[in-house]
Amino acid sequence: MIALGFLAQAKTGHAQQLETITVAGGCFWCVEADFEKVNGVTEAVSGFAGGTVANPTYKQVVKGGTGHYEAVQITYDPSKVSADTLYDLFFRSVDPTDAGGQFCDRGETYRTAIFTSPDQKAAAEQAKSDAQAALGQTVVTPILDASEFYPADGYHQDYYKQSGIILTRFGPKSKANAYKAYREACGRDERVRQLWGDAAPFAGS
């Protein structure tokens, strides 16, 4: 099991040079919410990667045809957490055996992937190999070359903690409460716990 330090993150710069990784793990609200809990992560930004259209909108991506994944760019302090650890946490926060999407979200937009620079590739490949060995199942998450990352509009950033009211099928709710209801209904944590058991770092957090 991977030990975690969860801290409230202040999004401020400091002397240590920060680094980034980009991952796709289904709904970007969930990936962002998970990784902003990790000690050493200074920011996680929801957006899109891997496609062929410049500056895509959310509507374009979810409609399909742009080739983009919903992705999250994670900025971290390497003196506090390593890329190796972040990749291990990523695999244990998703279903990397599912090639058709994640949980209730289906289609190419919601597939898992890691987008790496050359110096990150070995760490990503090792994390994938370790995940496959731990599960005893084929891990289908591809390790792809880094591509342009496009942040989603402000509506989608920090969705899990926004207080703005939206209309849902359950009536008016704050975005934070709508996010909790969506995550539970989608079965994300249930499936991750089923796969990873006590090694699931974020399920139910």
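The values are calculated or read from the model by the stated rules, or taken from the named source; none is laboratory data. Not measured: the values here are computed from a predicted model. Methodologically, a virtual Cβ is constructed for each residue, glycine included, from the backbone with ideal geometry; neighbour enumeration extends over all protein chains shown. We work out accessible area using only protein heavy atoms, side chains counted, and drop any ligands, DNA or RNA first. Shrake-Rupley method; radii C 1.70, N 1.55, O 1.52, S 1.80 Å.
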Practice problem: Determine the sum of side-chain charges near His68: Lys and Arg each +1, Asp and Glu each -1, restricted to other residues whose C-beta is under 13 angstrom from that of His68. | Solution: 0
Exercise. Could you check the simple spin-label distance between Asp145 and Asp198, using points 7 Å along Cα→Cβ, in nm with one decimal?
Key: 4.3 nm
Quiz prompt | Order by protection proxy (mean Cβ within 10 Å, highest first), peptides 53-59, 163-169, 91-97 | solution = 91-97, 53-59, 163-169
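When a/c reaches 1.5 or more, the comparison of a/b and b/c decides; with that in mind, is the stretch 42-159 rounded, prolate or oblate per its Cα gyration tensor?
Values: a/c = 1.78, a/b = 1.28, b/c = 1.39.
Oblate is the answer for the stretch 42-159, as a/c is 1.5 or above yet b/c matches or exceeds a/b.
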Exercise. Please give every one of the aspartates and glutamates within straight-line cross-link reach of Lys161, meaning a C-alpha to C-alpha distance under 13 Å, and leave out same-chain neighbours fewer than 8 residues apart.
Key: Glu32, Asp34, Glu36
Quiz item: At what distance in nm do the modelled label points of Val53 and Asn39 sit from each other, each positioned 7 Å from its Cα along Cα→Cβ?
Solution: 4.2 nm
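Just from its helices, what would the mean residue ellipticity at 222 nm be for the chain, if runs of 4 or more DSSP H residues each count -39500 (n - 2.57) and the sum is divided by every residue, rounded to the nearest 500 deg cm²/dmol? Please list the in-between numbers first.
On the way: 6 runs with 62 residues, N = 205.
It lands at -9000 deg cm²/dmol.
Accessible area of the chain with a 1.4 Å probe: how many percent of it is carbon plus sulfur? List each step's numbers first, then the result.
Values: 4760 of 9670 Å².
The computed percentage sits at 49.
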Quiz item: Which one of Phe202, Ala131, Ile114 has its Cα pushed farthest toward the positive end of the charge dipole of the stretch 79-205, where Lys and Arg give +1 and Asp and Glu give -1 at the Cβ?
Solution: Phe202
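With a probe of 1.4 Å, find how much accessible area the chain has per residue, and write the answer as a whole number in Å². If you can, show how the numbers build up before the last one.
Numbers: 9670 Å² over 205 residues.
With the other protein chains kept in place, the chain gives 47 Å² per residue.
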